[in-house]
Amino acid sequence: MTTPRVTDQAIQVIYLVSTALFILSPKWLSAPATARRGVWAGELGMLLAIGATLLYRGIVDYTWVAIALVLGTIIGVPLGRVPMTAVPQRTALSHAFGALCVALVGTAEYYLRAPGVSKFMMAVLSMEVILGSLTFTGSLMAAGKLQETLPQRPITYRGQNLVNMSLLAISVGVAVYLVLHPERAILFPLMIVIPLLFGVLMIIPIGGADMPTVISLLNSYAGLSAAAMGFVLDSKLLIIAGALDGSSGFILSVIMSKAMNRSFTNVLFGAFGQVQAASAAAKEARPVHTATAEEAAAILGAANTVVIVPGYGMAVAQAQHKVRELYDALTKRGVDVKFAIHPVAGRMPGHMNVLLAEANIPYDKLVEMDEINSEFPQTDVALVIGANDVTNPAARNDPASPIYGMPILDVDKARTVMVIKRGMSPGFAGIDNELYYLDKTLMLFGDAKTFVGDLMRQLAGEGRG
Amino acid sequence: MTTDLITSLYVFMLAAFIGFEVIRRVSPLLHTPLMSLTNALDAIAVVGAIILAGEHKSRLSTVLGTIAIVAATSNLVGGFMITDRMLKMFKSSKPTKP
């Protein structure tokens, strides 16, 4: 009889080691130099925990476990190999998978334990299932919007918030009732179906540019639901992993919404698109200065300092590799080139950094907003590629503007501003960008990838001549 | 029972504080890999799913547990792979220490 007890204790000790590795993992990730060690720590912790679990003597049959592990690996490998441009939708999809796992385990646990479920346990189970279900469909919707299989623009209708809030209230109501009467198993499916529907409706009114906040928020929900699962299964390891993931998502959501000067509620329930549509319509066409690739290349070549401001448009045009070539060409001429990264540039936190790193741009050239803003007054040329609202001076100067108060990159303080843009269409927020009408701004109309390629050729040609 | 839950609440609270302190320090440069990594770590839920599927307590729990293992495993495999791929790309322009 001693052997099983020894095994049980060994399992617990291994879980403890895994937990330590799980805490070290994000800690090491904090700096690029130690970051990969963080991944290894996480992998080791995961292997140990899974290995230990397989020793658990309650497991009577390994067939389905083995099949599922293999199947999961087969699905996981391609998901680990997606191109960097697809990382936002992959991340959303992984939130969906995580939430699905949690919701399914929660459901199974309820039916195994009902009716003998304590009130506290039922409360945690409800939280697990509700959060898991809404995160599952919400993340699938987000992934669909990011992959553009679903329309990116917000879909709004009258009474939308009322419908959403009612659904949420009903599911919480059902949960409360079940906590008081855990034996009413007939109500349990409601706690799955209504949050599933809520997850879909919650994401429908959210536009592409709000995705960084929404993905972070869904990340936080996925983490919290996993922590709730840890309470249900009395697994400290799972509680800690869920708490880490939940706080990580929460911190990122706070950073993202601060960077947009908006509250969570505003992102989730604010009809952002509608307000600006009106203000944009009032603006008449105003003259802008334009320049050709040849003229722009001459100015860039003569500059001492250039700051490139990338945005989602760069990712859409797949221009990051051309941008690297431009960076190389300018650096070779002795021009000091840096990149200014706004926290919400792109579709998820840190999106631009990953794309530029993929294009082999050294990470010490990627400068955060707070740091780079003091450098713009000494910058000869600020080159904006596919970014719009994050450069709009109206956020600083115009209290009437819907984005007033949002922290922006002070591109307008550079000596010359160049903006590569397809046309004069307003950005996501639908607001006219004052930057484009400044005397020092040159508009470079064209596709980002093609135009940067042209710039590069001009610079290379001059260099040879 | 209640003591267990209270202990769990303490664990959760402490872990949340550690999470805040550790993750606050992560450079914004690495926010995308951070999200992929914490996602992969979150897939530790697979442990609960393995027990559920392996215990065979009911047909429902075995089926749901098996699907849950598939979902979590694909997350952990894909999550670690892509995080490592991303981190490999981050290079400094300064020569690295030998």
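Computed from the coordinates by the stated procedures, all read-outs in this text should not be read as laboratory data. Keep in mind that what you see is a predicted model, and the values were worked out from it rather than measured. Note: ideal-geometry Cβ built from the backbone for every residue, glycine included; neighbour counts use all protein chains shown.
Each label point was placed 7 Å from the Cα along the Cα-to-Cβ direction; for B:ILE6 and A:ARG422 their separation is 6.1 nm. Here the scattering of the protein assembly as shown is modelled by Debye summation over its C-alpha atoms, one equal scatterer each and no solvent; at q = 0.10 Å⁻¹ the log10 of I(q)/I(0) is -0.82.
Give me the inter-chain shielding for A:218-225: mean count of other chain Cβ atoms within 10 Å, whole number please. Display every interim value, and only then the final one.
Details: counts 0, 5, 1, 0, 5, 6, 2, 2.
Counting Cβ atoms of other protein chains within 10 Å of each residue's Cβ and averaging gives 3.
Just checking the listed ones, B:LEU29, B:LEU41, B:LEU52: in the Gaussian network model of chain B with Cα springs under 10 Å, the one fluctuating most is B:LEU29. Legend: calculated FRET efficiency, B:LEU14 to A:THR331, from the Cβ-Cβ distance at R0 = 51 Å, rounded to 0.05, equals 0.60.
Rounded to the nearest whole Hz, the Karplus-based 3J(HN,Hα) values (6.51 cos²θ - 1.76 cosθ + 1.60, θ = phi - 60°) of segment A:391-402 follow the sequence 10, 7, x, 4, 5, 9, 9, 10, x, 7, 6, x, with x at glycine and proline.
For the pair A:GLU371 and A:SER263, label points projected 7 Å from Cα toward Cβ lie 3.3 nm apart. Ranking B:GLY54, B:LEU64, B:GLY78 by how far each Cα lies toward the positive end of the dipole of segment B:2-89 (charges on Cβ) leaves B:GLY78 at the top. Computed over the alpha carbons of segment A:83-227, Rg followed by Dmax gives 15.7, 49 Å. In the protein assembly as shown, taking the dipole from charged Cβ atoms about the Cα centre, the farthest positive-side position among A:PHE339, A:THR73, A:LEU300 is held by A:THR73. Taking the helices alone, the protein assembly as shown has a mean residue ellipticity at 222 nm of -21000 deg cm²/dmol, built from -39,500 (n - 2.57) per DSSP H run of at least 4 residues and averaged over all its residues.
How far, in degrees from 0 to 90, does helix A:272-282 lean away from the longest principal axis of the Cα atoms of chain A, to the nearest 10? It is inclined by approximately 20 degrees. For the cross-link pairs A:LYS338/B:LYS94; A:LYS365/B:LYS88; A:LYS332/A:LYS440; A:LYS27/B:LYS94; A:LYS145/A:LYS449, the ones whose C-alpha atoms lie over 19 Å apart are A:LYS332/A:LYS440; A:LYS27/B:LYS94; A:LYS145/A:LYS449.
Counting, for every residue in A:317-324, the Cβ atoms of other protein chains within 10 Å of its Cβ and taking the mean gives 0.
Each principal axis of the Cα cloud of segment B:2-89 was taken in turn, and the coordinate range along them, longest first, works out to 47, 35, 12 Å.
Modelled this way, with points 7 Å down the Cα-to-C-beta line, the labels at A:ARG286 and A:VAL60 are 7.6 nm from one another.
Shielding value for A:40-53 is 4, the average number of Cβ atoms from other chains within 10 Å of each residue's Cβ. Can you bin segment A:282-464 into rounded, prolate or oblate? Criterion: square roots of the alpha carbon gyration tensor eigenvalues sorted a ≥ b ≥ c, rounded for a/c under 1.5, prolate for a/b above b/c, oblate for the rest. Prolate shape, in that a/c is at least 1.5 and a/b is the bigger ratio.
Among A:PHE376, A:PHE97, A:PHE231, A:PHE445, the order by Cβ neighbours within 10 angstrom, fewest to most, reads A:PHE445, A:PHE376, A:PHE231, A:PHE97.
To the nearest ten degrees, helix B:31-42 and the longest principal axis of the Cα atoms of chain B are 20 degrees apart. Taking Cα atoms, how many degrees apart are the long axis of helix A:211-233 and the longest axis of chain A, rounded to 10 and kept between 0 and 90? Once rounded, the angle reads 20 degrees. Remark: A:LEU125, A:LEU140, A:LEU187 ranked as A:LEU187, A:LEU140, A:LEU125, counting other beta-carbon atoms within 10 Å and listing the fewest first.
Hey, got the dipole for chain B? About the Cα centre, +1 on K and R Cβ, -1 on D and E Cβ, debye to the nearest 20?
Once rounded to the nearest 20, the dipole reads 560 debye.
Treating r as the C-beta distance of B:LYS94 and A:ASP398 and R0 as 51 Å, the FRET efficiency rounds to 0.80.
Counted by neighbouring Cβ atoms within 10 Å, the residues A:MET348, A:MET46 run from fewest to most as A:MET46, A:MET348.
Note on the protein assembly as shown: dipole from Cβ charges, positive end direction compared against A:ALA86, A:ASN266, A:VAL316; the farthest Cα belongs to A:ALA86.
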